[in-house]
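Encoded as structure tokens, the structure appears first; notes follow it.
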Amino acid sequence: MGRAMLIICAGALLATGIMNISTMRQGKAITENTVNYADFIMAKNAAQTAIQMAMQEINADSSWADLYDELQHQGQDPDEFAWKPVIDGREVTLFTRYIDKDPDDYFSEDRIRLISNAVHNDISVEVNSLYLMQPFSALVPDFDGALQLPTDIGEFSLDGTAHGINGTPPAGHGCSETKPPVAVKSEETKQKIEAEDPEMDGEISVDSSLSYEPTDELIERLYNSGNSIKVDGDYSSQLGTAQQPGVFFIDGNVKLTGQQSEGYGIMVIRSGGSMEYEDGSLSVAGNFEFNGLIIFENAFDFDGRGTPTINGSVLIGNTPGYLDDPENDPIDISLGGNIEINYDCLGEKYAKMAAADAVKQNKYTRVVTTEGANYGL
């Protein structure tokens with residue numbers, strides 16, 4: 001009995017000892033893992049903070065990233081060109097890497113990769129983030145029709161021998177779809193047009209969600225960009241080219257000298273503005289062709305005479321609150337002569353090119369971020 005008890009006690013003591021050793025090892029492992037995780041988090045936070053700081057620098061000056069571009073410094077010592085901010089006492093090493101956009105696609109998005117590495121104690125963490133740059137052209141409204149009316153109009157009249165509003169794009173321009181000849185916001189506006197031109201019955205799209213916003217924001221930013229052209233008086237210069245479309249504002253009474261046969265980009269005719277071509281009538285007139293977007297903003301009327309041709313879209317609208325003033329009337333539309341308004345996706349492209357060139361916006365969107373760690377440095 002005594003021997004059996006001794007054996008039991010010895011076994012119990014041995015098991016207890018093993019359990020204590022196991023518990024101590026687990027506690028040590030938990031402590032080490034906790035410390036390692038804390039080091040990892042601190043290093044990762046420093047690396048991510050450096051990327052956020054770098055994006056602020058890039059948004060302020062797009063050329064900043066060129067200083068730390070790996071591809072531009074191939075063969076050089078990375079210590080010579082890396083950006084090394086100190087964050088919470090830890091030095092971070094950051095490189096940039098531009099990914100060239102498709103040279104054959106004007107609107108392919110610029111991409112930039114930021115590689116940031118931070119070390120804390122014996123742990124090194126690398127954070128790799130990819131960003132896409134969204135061009136300012138995103139604010140250009142979609143072409144919902146050849147003639148777009150995101151506002152109610154006053155009178156609609158036809159007094160010419162012929163006119164054409166066409167939603168079918170030209171063949172060979174790469175357009176993927178046909179648009180309505182006219183897109184309006186209300187049934188009332190649709191009825192006004194059909195009453196004057198019964199042939200338009202069934203050709204008019206009604207969309208209550210049509211809005212002049214954010215076109216008004218687009219216009220203000222273009223106007224204040226410093227890269228738009230304010231056209232006034234007699235004007236003989238170019239109105240953009242297919243390679244370099246422009247942004248043009250008609251604020252006063254403008255007379256084109258007849259040397260321009262065509263224009264490209266965005267043309268904004270504001271309240272009180274008018275444009276003549278040679279001896280043409282008010283607004284858009286004469287043998288003139290514009291490829292892009294023509295916007296009538298708070299204009300008293302849209303009066304097209306002569307034989308102007310617009311390839312792209314015409315948008316007529318009022319800024320918020322404009323019609324709340326009893327002195328302001330809805331826009332009257334009069335189509336005369338042989339005016340043509342043709343939907344064309346190439347015109348939409350020229351408008352977006354003009355906006356992107358006028359406003360050099362650096363607006364990046366993060367696409368993906370990856371993280372990696374090395375232990376025991």
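The values are calculated or read from the model by the stated rules, or taken from the named source; none is laboratory data. From a predicted model like this one, the values you see are computed outputs, not experimental measurements. Every residue, glycine among them, receives a Cβ derived from its backbone with ideal geometry; neighbour counts consider all protein chains shown. Areas reflect the complete protein model, heavy atoms only, side chains present, ligands, DNA and RNA absent. Shrake-Rupley method; radii C 1.70, N 1.55, O 1.52, S 1.80 Å.
Take the stretch 175-203 and flag every residue that is closer than 15 Å to Ala146 by Cβ and under 29 Å from the mean Cα position of the chain (by Cα).
Within the stretch 175-203, Cys175, Glu177, Thr178, Lys179, Pro180, Pro181, Val182, Ala183, Val184 qualify.
Would you please name the residue that is nearest to Val182 (Cα to Cα), looking only at residues in the stretch 330-339 that are touching an Asp or Glu at 6+ places or on another chain (Cβ under 9 Å) and either open to solvent by 30 Å² or more (accessible area, probe 1.4 Å) or charged (D, E, K, R) (or both)?
Across the stretch 330-339, the extreme among qualifying residues is Asp332.
Which residues, taken from the stretch 284-306, are part of a loop (DSSP other than H, G, I, E, B) and either at pLDDT below 65 or open to solvent by less than 10 Å² (accessible area, probe 1.4 Å) (or both)?
If the condition is that a residue be part of a loop (DSSP other than H, G, I, E, B) and either at pLDDT below 65 or open to solvent by less than 10 Å² (accessible area, probe 1.4 Å) (or both), then Ala285, Gly286, Phe288, Ala299, Phe300, Arg305, Gly306 are the ones that fit.
Show the residue pairs that are 6+ apart or on different chains and have beta-carbon atoms under 7 Å apart, the first residue being within the stretch 104-123 and more than 23 Å from Thr365 (Cα to Cα), the second being modelled with pLDDT under 85 and of a type in the set (Gly, Ala, Ser).
Note: pairs meeting the criteria are Asp122/Gly376; Ile123/Ala373.
Checking Phe81 against (1) over 22 Å from Asn374 (Cβ atoms); (2) over 31 Å from the mean Cα position of the chain (by Cα); (3) modelled with pLDDT of 85 or more; (4) open to solvent by 60 Å² or more (accessible area, probe 1.4 Å), which single condition isn't satisfied?
The failed condition is (4).
Filter the stretch 55-69 down to residues that are within 20 Å of the chain's Cα centre (by Cα) and open to solvent by less than 60 Å² (accessible area, probe 1.4 Å) and give me whichever is nearest to Phe81 (Cα to Cα).
Among them, the one singled out is Ser63.
Identify the residue in the stretch 245-283 that is of a type in the set (Asp, Glu) and either crowded, with 17+ Cβ neighbours inside 10 Å or at pLDDT 80 or above (or both) and, among all such residues, is nearest to Glu348 (Cα to Cα).
Glu262
Touching a His at 6+ places or on another chain (Cβ under 9 Å), modelled with pLDDT of 80 or more and at negative phi - does that describe any residue in the stretch 318-332?
no
Pick from Glu91, Glu109: which is open to solvent by 40 Å² or more (accessible area, probe 1.4 Å), among the charged types (D, E, K, R) and at pLDDT below 80?
It is Glu109.
Given the criterion of a type in the set (Asp, Glu) and under 23 Å from Leu346 (Cβ atoms), identify the matching residue among Glu196, Glu177.
The conditions single out Glu177.
Yes/no per residue for (1) exposed (fewer than 15 other Cβ atoms within 10 Å of the Cβ); (2) in a strand (DSSP E or B):
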| residue | (1), (2) |
| --- | --- |
| Ser116 | no, yes |
| Ser124 | no, yes |
| Leu130 | no, yes |
| Ala138 | yes, no |
| Pro141 | no, no |
| Asp144 | no, no |
| Thr151 | no, no |
| Gly172 | yes, no |
| Glu188 | yes, no |
